[in-house]
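The values are calculated or read from the model by the stated rules, or taken from the named source; none is laboratory data. Treat the numbers as computed from the prediction; the structure is a model and nothing was measured. Cβ atoms come from the backbone with ideal geometry, glycine included; neighbour counts cover every protein chain shown. Quick note on the areas: whole protein, heavy atoms, side chains included, nothing else; ligands and nucleic acids left out. Shrake-Rupley method; radii C 1.70, N 1.55, O 1.52, S 1.80 Å.
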Amino acid sequence: MFEFCTDPSTLDTLPWMACYLTTGKQFGFYSAFGTVLLLLAITAPVSLAFGFMGAMAARARNVIISVIGKGYIAIVRGVPDIAFFLFFVIAFDQLFEYIRHKIKCPDWSEPIRQGNDFVVCAEAKLPLGSAPQWVHETYGFSLAVLTFAIVFGAFAANVLFGAMRAVPKAQLETAAAYGMNERQTFWRILVPQMWVYALPGLGNLWMVLIKATPLLFLLGVEDIVYWARELGGTKTAKFTDYPHGDWRMWYFFALLVFYLAFTWVSEKALDRIMAHLTKGQATTAGEAQRRAAA
Amino acid sequence: MSCWDIIADYGLRSIGIGERLLPRKDFTLCHQFTLIGSGLLWNIYFGVLALIVGFMLATAVAMGKAARNPVIQKLSTGFIFLFRGSPLFIQFFFAYFLFLSLKQVYPIFSPLTSAWLGALVVLICNTAAYSGEIFYGAYQSIPKGDIEAADAYGITGWTRFKRIIWPTMLRLAWPAYTNEAIFLFHATVLVFFSGFPAYQQRGDALYYASYFADKTFNPFVPYPILAGYYIVLTLIVIMIFGIVNKRLNRHLPQDNRPKLKLRLNLIR
């Protein structure tokens, strides 16, 4: 990176550090933070959408849809979380390959489960064996996003389901009295008002989601945990220009600080959003806000 | 080989008793049930010990957070933020490598680098922080009248804490604390995925479940078995905590007694 980095072994501690922290591998580590943020940025809205659909299904009049919605909430919440992560990734992978196998190789005669192996024809492999590295990485990442979205969608569905029921009945009755039909009542009255009831739960969920991101490592994505283990390990002068001892402790310390800072910022931001949403609501906090302003 | 033989060979495999080698082929359902169940011993070990020690630490932390002394108050608040604000997974990793570095300087730390002690210490601190926050919240909502009544009777200091504050705090915190206990048991599955080595493949339930999933490429058997074991474990925890809840509330009239309301399963 810098000009003085040509021969690191001659440098003092400070310039050595500057050079070390700007090597290509270090940038891999930094970009992994981007991976985490990307995961959060995609997963949060997707699982909110899953949750919204789940909650809508759970409160549907139709018994079958309602049972499906409630079942989704109950099953995902009832099973140990990490097991769910490990399970879904393999299960989805095999499901997709199985479907592609059925479509692309209809005249394949051998069974798919041969003893301990899962065998599909070469064209059905996901991603294709010939695909470049980035396709493999993107595929793995998308599986992870899907898994996160399903699990957190169920949590969000539960929160939103509760929030929808917390909106005062009188509000909905007033809407009906004004001649709104059910769809209008739902979109114009219920949905705008439910967020203030949902926000504490959703905020909690956001915190939990942040803290679940290191589990990406278990799903085989090259995330910050992967890089911290990789870069922190002892390096000898034989393989690198920057030999150092076992620094994994410091790398994980950096991760710890990253997560603490992230949590702290999120807490502050959520407080602000809550204050904004409370404005004009028929709740104790809303009333207090009105009094303070008056 | 009958199922009884498998149970005899592998039933206590996770603590190093019985067959040395894990099965390599011809996995039967019995193998999977036995080994995953055997691994569950570790989850129970971590969960129970962390709960007991963490409970005492949590009481101290909660009292610290409520203390007037600003130093103690700041320390307790910081402790709670540190362990609640970061992922348990990262805490395990950091602690493991920290202990590893300490071990090189002071050999006395070497037991801490193995899971049975090192991971336990992390779990204790973690659950102490979460329960400490719960207890603190409960302490804040002790009815003012209870404490005034104690003062009126001349009960002060340690006696007031032991007889009035502590039991009321526990009573109010108990439903939330039950959830925390269930979480804690769920959290124990992270231990062997986070740096701490499984010495001679003596792992916990998830360790063996993922072993089978890797070997058979079939996640549809071991993980549901694990889930089944966990549901039973969770029910037992709920039962035990329910008994305590009953005892804590025994002085209240029948229909005023709060029921345990469970909110299961979020990742920490």
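In this assembly, the A-B interface accounts for approximately 3800 Å² of buried accessible surface in total, computed with a 1.4 Å probe and without ligands, DNA or RNA. In a reduced charge model with +1 at each Lys and Arg Cβ and -1 at each Asp and Glu Cβ, region A:33-205 shows a dipole moment near 720 debye about its Cα centre. A viscosity of 1.002 mPa s and a temperature of 20 °C, combined with the Kirkwood radius over Cα pairs in Stokes-Einstein, give a translational diffusion coefficient for region A:235-294 of 138 µm²/s.
List the residues of region A:254-273 whose accessible area drops by at least 50 Å² when all protein chains are present, compared with their chain alone, using a 1.4 Å probe and counting only protein heavy atoms. SASA drop of 50 Å² or more in region A:254-273: A:Leu256, A:Leu260.
Ligands, DNA and RNA left out, the 1.4 Å accessible surface of chain A is 64% carbon and sulfur atoms.
For A:Lys102, B:Lys103, give the ranking by accessible area with the largest first, probe 1.4 Å. Can you show the working numbers first?
Details: A:Lys102 115, B:Lys103 80 Å².
The residues order as A:Lys102, B:Lys103, largest area first.
Using a simple spin-label model with pseudo-atoms 7 Å out from Cα toward Cβ, A:Trp195 and A:Ala288 lie 2.1 nm apart. Against chain B, whose longest principal axis comes from its Cα atoms, helix B:70-85 is set at around 30 degrees. A straight line joining the Cα centroids of region A:1-78 and region A:191-260 runs 9 Å.
Principal axis extents of the Cα atoms in the protein assembly as shown, from largest to smallest and rounded to whole angstrom, are 73, 67, 64. Once both labels are positioned 7 Å from their Cα atoms along Cα-to-Cβ, the gap between B:Ala149 and B:Lys74 label points is 3.9 nm.
Work through the residues other than B:Leu57 whose Cβ is under 15 Å from its Cβ and net out their charges, Lys, Arg +1 and Asp, Glu -1. Don't jump to the answer; show the numbers that get you there.
Values: positive: B:Lys65, B:Arg84; negative: B:Glu133, B:Glu180.
Spelling it out: positives minus negatives among the neighbours equals 0.
Placing unit charges on the Cβ atoms only, positive for Lys and Arg and negative for Asp and Glu, gives region A:82-184 a dipole magnitude near 320 debye about its Cα centre.
For region A:33-205, the solvent-accessible area works out to 51 Å² per residue, with a probe of 1.4 Å and every protein chain left in place. With everything on Cα atoms, drop me the angle between helix A:248-278 and the longest principal axis of chain A, reported from 0 to 90° to the nearest 10. Taking Cα atoms only, the helix is inclined about 20 degrees.
Can you pick out the pairs among A:Lys104/A:Lys211; A:Lys235/B:Lys25; A:Lys102/B:Lys25; A:Lys169/B:Lys65; B:Lys74/B:Lys144 whose Cα atoms lie more than 32 Å from each other?
Working: A:Lys104/A:Lys211 40 Å; A:Lys235/B:Lys25 38 Å; A:Lys102/B:Lys25 29 Å; A:Lys169/B:Lys65 40 Å; B:Lys74/B:Lys144 25 Å.
Going by Cα-Cα distance, A:Lys104/A:Lys211; A:Lys235/B:Lys25; A:Lys169/B:Lys65 fall outside the 32 Å limit.
Of A:Ala122, B:Ser141, A:Tyr20, which is farthest towards the positive pole of the protein assembly as shown's charge dipole, taken about the Cα centre with +1 and -1 on the beta-carbons of Lys, Arg and Asp, Glu respectively? Of the options given, the answer is B:Ser141. The GNM of chain A, with springs linking C-alpha atoms under 10 angstrom apart, assigns the highest mean-square fluctuation among A:Ser130, A:Ser266, A:Ser47 to A:Ser130. Every Cα-Cα pair of region A:33-205 was included, and the share exceeding 19 Å stands at 67 percent. Summing charges over all other residues whose Cβ lies under 13 Å from the Cβ of B:Phe79, with Lys and Arg as +1 and Asp and Glu as -1, gives +2. Using a Gaussian network model of chain A in which every pair of alpha carbons under 10 angstrom is joined by a spring, one finds that among A:Phe96, A:Phe85, A:Phe252 the greatest mean-square fluctuation is at A:Phe96. Using R0 = 51 Å, the C-beta based FRET efficiency linking A:Ser31 and A:Met180 works out to 0.55. Can you find, among A:Gly203, A:Ala60, A:Phe155, the residue farthest towards the positive end of the dipole of region A:33-205? Put +1 on the C-beta of Lys and Arg, -1 on that of Asp and Glu. Selected residue: A:Ala60.
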